[in-house]
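A short worksheet on the structure shown next.
The values are calculated or read from the model by the stated rules, or taken from the named source; none is laboratory data. Because the structure is predicted, anything quoted here is derived from the model rather than measured. Positions of Cβ are backbone-derived with ideal geometry, glycine not excepted, and every protein chain shown enters the neighbour counts.
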């Protein structure tokens, strides 16, 4: 089961990485991104039960809904999920690639559990 931290509504909202409710781990494997204009190969950077971050050679506007296709390592399940871009930033001024963060808003419980179990196994 994914690790989560409840938010105390009596305290000010945490900022930055402390806002995360799900444990995030480094992930370095290929991922296919399905956009309206076609399929693109990308490289996953990290994953949690709520989202992913990947590197891509094109900018994607925030709030773009896209499909992600990837397989969890170690014989894990194949995932075909949907999410919305919440951040897209250039990696550097010298490289025409972007770091894209996606919130997985269409992830069923079986998929979320599989990601959580993969993270806990590390």
Out of curiosity, is residue 104 touching a helix residue (DSSP H, G or I) at 6+ places or on another chain (Cβ under 7 Å) and either in contact (Cβ under 8 Å) with a residue 40 or more places away in the chain or surrounded by 15 or more Cβ atoms within 10 Å (Cβ to Cβ) (or both)? no
Looking at residue 87, is it over 22 Å from residue 113 (Cα atoms), without any contact (Cβ under 8 Å) to a residue 60 or more places away in the chain and part of a strand (DSSP E or B)? yes
Touching a residue at least 24 places away in the same chain (Cβ under 8 Å), assigned to a strand (DSSP E or B) and closer than 20 Å to residue 113 by Cα, is that true of residue 53? yes
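Residues checked against (1) within 29 Å of residue 94 (Cα to Cα); (2) at pLDDT 50 or above; (3) more than 16 Å from the chain's Cα centre (by Cα); (4) surrounded by 14 or more Cβ atoms within 10 Å (Cβ to Cβ):
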| site | (1), (2), (3), (4) |
| --- | --- |
| 5 | no, no, yes, no |
| 13 | no, no, yes, no |
| 26 | yes, yes, no, no |
| 32 | yes, yes, no, no |
| 41 | yes, yes, no, no |
| 57 | yes, yes, yes, no |
